[in-house]
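The values are calculated or read from the model by the stated rules, or taken from the named source; none is laboratory data. Computed from a predicted structure; not experimentally measured. Ideal geometry is used to build each Cβ from the backbone, glycine not excepted, and the neighbour counts take in all protein chains shown. Surface areas here come from the heavy atoms of the whole protein model, side chains and all, with no ligands, DNA or RNA. Shrake-Rupley method; radii C 1.70, N 1.55, O 1.52, S 1.80 Å.
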Amino acid sequence: MNAVVTLTRSLMRQTLRNRQGLFWTLFFPVVLMVVFSFLGNSQSRVNLAVVAPSGRATAVVKAFKQSPLFHVTEMNRSSALQEVQRGHLDAALIVPSAHGHPTTTLTLRYNDANTLSAQQAVGSVEAFVSQADIALSGRPPLFRVAAKALSHSHSSTYLDFLLPGILALMTMQNSLFGIGSGLTRWKEKGVLRRFQATPVKPVQLLSATVINYIVVGLASAAIVVGFATTILHASVLVPLGGTLLVLLLGMAVFLSIGFIVAGLSKSQEATIPIINLISFPMMFLSGVFFPSTSFPRILSDIVQYFPLTYMADALRGLMSGQLTVAAGAFRTDILGLLIWLVVTGTLASRTWRWE
Amino acid sequence: MENSLRIENITKHYGALTAVDHLTLSVPSGIVFGLLGPNGAGKTTTLEIVEGLRHPDGGHVWWGDLDVFRNPDEARSRFGVQLQTSAFFELLTVKETLELFRSFYRRALPVSDLIARLDLGEKQNARVGGLSGGQRQRLALAVALINDPEVVFLDEPSAGLDPQARRNLWEVILGLKAEGRTVVLTTHYMDEAECLSDRLAIVDHGQVLDEGTPKELIQRHMPAAVVEVSRSVGVDATVSLPGVQRMEERDEVTMLISEHLEDTLVGLVNWAQQQHRTITGLTTRNATLEDVFLELTGRSLRE
Ligand SMILES: Nc1ncnc2c1ncn2[C@@H]1O[C@H](COP(=O)(O)OP(=O)(O)OP(=O)(O)O)[C@@H](O)[C@H]1O
Ligand SMILES: [Mg+2]
């Protein structure tokens with residue numbers, strides 16, 4: 001049987017049997033997404049304390065409780081105000097105990113130190129109350145707002161923003177560390193030398209290694225996307241062709257960089273810091289966790305040329321539905337990755353040494 | 001046709017260090033050839049050059065008509081190699097490892113034969129990462145034999161083996177010779193070199209100091225018998241005894257290398273009586289390969 005086939009099979013066995021390695025490959029992306037999806041959820045609801053005299057105004061409390069906009073806790077006045085003051089709750093809604101007037105005044109107390117949550121709370125409560133007013137009084141509204149998003153119709157959460165970034169980041173880490181530290185270890189321990197003593201050609205061993213990393217990379221990307229969409233309810237698009245193209249190109253670039261590092265360094269101790277040096281700036285600057293548009297001009301001018309930036313931007317564009325494979329911005333990202341591939345691939349083949 | 005392995009003038013520099021220095025050797029086919037030398041003598045470097053794993057700075061290697069450096073692929077498919085330290089995929093089993101290496105060759109032996117021959121049956125489904133040092137060593141030898149090689153290179157095959165496993169290894173090596181294969185091995189054990197090798201080369205500083213059958217080497221460098229007494233007896237350079245060619249002190253022993261055993265012994269007894277000394281630790285023996293080694297390299301084997 002062909003050596004590439006048998007080598008690939010052996011490497012896959014190695015990968016699947018390395019339970020710890022598999023665990024850590026998937027652990028960080030999953031944990032990051034879970035954490036951020038919780039943060040995202042609690043932000044979209046208003047945490048509201050309702051202070052109502054017992055037995056009175058139950059209809060109002062009930063209406064607030066049933067609304068998906070609010071997370072309602074009933075409590076007494078002083079503790080409600082205290083919680084708001086401390087920033088644990090967004091606002092306290094105070095229902096008066098008696099009403100003689102035709103209009104009941106609901107008092108909303110908020111903490112203006114927290115501008116954002118206060119604005120959200122006030123806005124949500126006002127909108128809700130006027131809607132409830134209309135519904136109860138039976139008068140038809142004079143105006144209605146028909147809101148329509150410009151691109152895709154789903155409201156995007158932070159998780160939707162994060163997921164493509166995580167995919168890009170995973171691809172970078174797996175490829176860089178896999179090849180970079182894996183090959184150095186083989187070199188150090190004499191695994192490569194042993195293969196060198198057989199008729200196996202270097203290119204066959206390298207092909208098997210690359211195939212192995214590609215399969216592992218795509219499988220873990222699929223698991224992460226599956227987890228995010230089914231369990232965490234991320235709403236993203238996954239146009240298969242475009243996504244695969246970006247993932248494969250990204251892998252090729254980062255595998256080449258890994259090769260260069262493994263070719264240049266003699267030991268594990270030398271490899272790991274170099275890989276960290278390459279991956280850390282990209283991890284934080286390439287728009288994985290937050291858009292790089294918020295950086296100072298000079299920084300974002302540089303960052304836009306990073307391979308991880310091209311990857312993250314292209315994936316995010318595709319998955320949010322803002323870009324199609326035909327879009328100019330997408331083509332720019334692909335071109336950027338291709339240029340990186342030519343440069344790093346050439347360097348990798350020049351610097352690689354068996355001895 | 002009678003093949004032979006011809007190593008001509010190979011040289012290898014590492015910076016200022018000359019690891020192999022115009023080394024020339026000829027190994028007739030079908031024999032076990034031993035390379036002996038102290039640590040750092042250049043044995044591993046020599047083997048790896050001959051195997052086609054390292055590029056020499058000069059020289060040629062021929063196996064019969066085959067120019068090893070010109071046709072490395074052909075050479076690799078006909079050579080079997082056990083490296084001084086070789087690592088395999090840790091998470092594969094012994095059997096899977098052998099099957100993997102088997103797939104690289106057009107001609108190969110059945111995996112089950114090698115497992116039986118190297119007594120790996122109990123461990124065939126164990127992961128390589130969990131093998132003991134000696135078991136790993138046996139796996140490395142099995143992998144070296146998987147392609148039914150014409151020449152087998154073994155770099156310290158008995159390192160880390162227990163005495164029983166060493167005996168078994170010797171049998172395997174003698175079995176390889178009986179099958180008509182040529183074996184080139186390095187070792188730090190004199191008994192092993194003496195018992196296994198048909199011919200030997202003693203190497204130091206990348207050069208061959210001498211080469212021949214174990215008998216020839218002893219005859220050439222240590223024609224005489226060796227008389228040993230405790231150092232405390234006080235026989236030293238000022239004492240001249242009949243027949244003694246040379247005197248050496250090693251640890252607690254004074255060695256008298258003698259051309260004429262009887263004369264030396266009589267002289268020693270007479271001297272002791274005159275000086276009122278007591279002779280302790282007296283032994284006489286024939287010179288060994290170890291003595292030759294020490295004579296040639298000035299270093300003991302396992303130094
Ligand atoms: N890759 C290398 N780079 C630099 N020097 C090296 C390299 N490999 C070997 N050497 C040096 O070349 C010399 C010969 O080494 P070699 O490994 O051939 O010795 P050896 O006879 O096999 O010793 P041992 O009995 O300890 O295995 C040593 O001085 C060693 O330090
Ligand atoms: Mg050695």
| note | Scanning segment B:59-90 for residues that are facing chain A (nearest Cβ under 9 Å), more than 15 Å from residue B:182 (Cβ to Cβ) and of a type in the set (Phe, Trp, Tyr) gives B:88, B:89
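So that you can scan it fast, the table gives a plain yes or no per residue for (1) open to solvent by less than 40 Å² (accessible area, probe 1.4 Å); (2) at pLDDT 80 or above; (3) in a helix (DSSP H, G or I):
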{"position": "A:24", "(1), (2), (3)": "no, yes, yes"}
{"position": "A:27", "(1), (2), (3)": "no, yes, yes"}
{"position": "A:40", "(1), (2), (3)": "yes, no, yes"}
{"position": "A:50", "(1), (2), (3)": "yes, yes, no"}
{"position": "A:54", "(1), (2), (3)": "no, no, no"}
{"position": "A:89", "(1), (2), (3)": "yes, yes, no"}
{"position": "A:99", "(1), (2), (3)": "no, no, no"}
{"position": "A:113", "(1), (2), (3)": "no, no, no"}
| message | Please verify whether residue B:38 is away from every other protein chain (no Cβ under 14 Å) and open to solvent by less than 10 Å² (accessible area, probe 1.4 Å), treating the condition exactly as stated. | response | yes
| note | Within segment B:12-37, the residues that are within 16 Å of ligand 2 (Cβ to nearest atom) and not in a strand (DSSP E or B) are B:37
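Would you confirm whether any residue within segment B:53-75 is within 16 Å of ligand 2 (Cβ to nearest atom) and either open to solvent by less than 10 Å² (accessible area, probe 1.4 Å) or free of Cβ contacts under 8 Å to residues at least 60 places away in the same chain (or both)?
The answer is yes, given that some residue of segment B:53-75 is within 16 Å of ligand 2 (Cβ to nearest atom) and either open to solvent by less than 10 Å² (accessible area, probe 1.4 Å) or free of Cβ contacts under 8 Å to residues at least 60 places away in the same chain (or both).
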| task | Check B:85, B:93, B:45 and return the single one that is open to solvent by less than 30 Å² (accessible area, probe 1.4 Å), hydroxyl-bearing (Ser, Thr, Tyr) and within 13 Å of ligand 2 (Cβ to nearest atom). | result | B:45
| said: Please go through segment B:81-129 and give me each residue that is within 21 Å of residue B:151 (Cβ to Cβ), in a strand (DSSP E or B) and polar (S, T, N, Q), ordered by number. | reply: B:82
| said: Need pairs with beta-carbon distance below 8 Å; first residue not assigned by TED's automatic domain parsing to the domain that holds residue A:171 and within segment A:215-228, second of a type in the set (Ser, Thr, Tyr); sequence gap 6+ or separate chains. | reply: none
| Taking residue B:106, is it more than 13 Å from chain A (Cβ to nearest Cβ), more than 16 Å from ligand 2 (Cβ to nearest atom) and closer than 22 Å to residue A:195 by Cα? | no
| said: Tell me whether segment B:146-159 contains one or more residues that are part of a helix (DSSP H, G or I), away from ligand 1 (no atom under 16 Å from the Cβ), under 19 Å from residue A:196 (Cα atoms) and open to solvent by less than 10 Å² (accessible area, probe 1.4 Å). | reply: no
| field | So residue A:239, is it open to solvent by 10 Å² or more (accessible area, probe 1.4 Å) and either within 14 Å of chain B (Cβ to nearest Cβ) or among the β-branched types (Val, Ile, Thr) (or both) | value | no
| task | Filter the helices (runs of 4 or more DSSP H) completely within segment A:238-339 down to those with at least 2 residues that are more than 20 Å from residue A:162 (Cβ to Cβ). | result | A:240-264, A:268-285, A:297-303
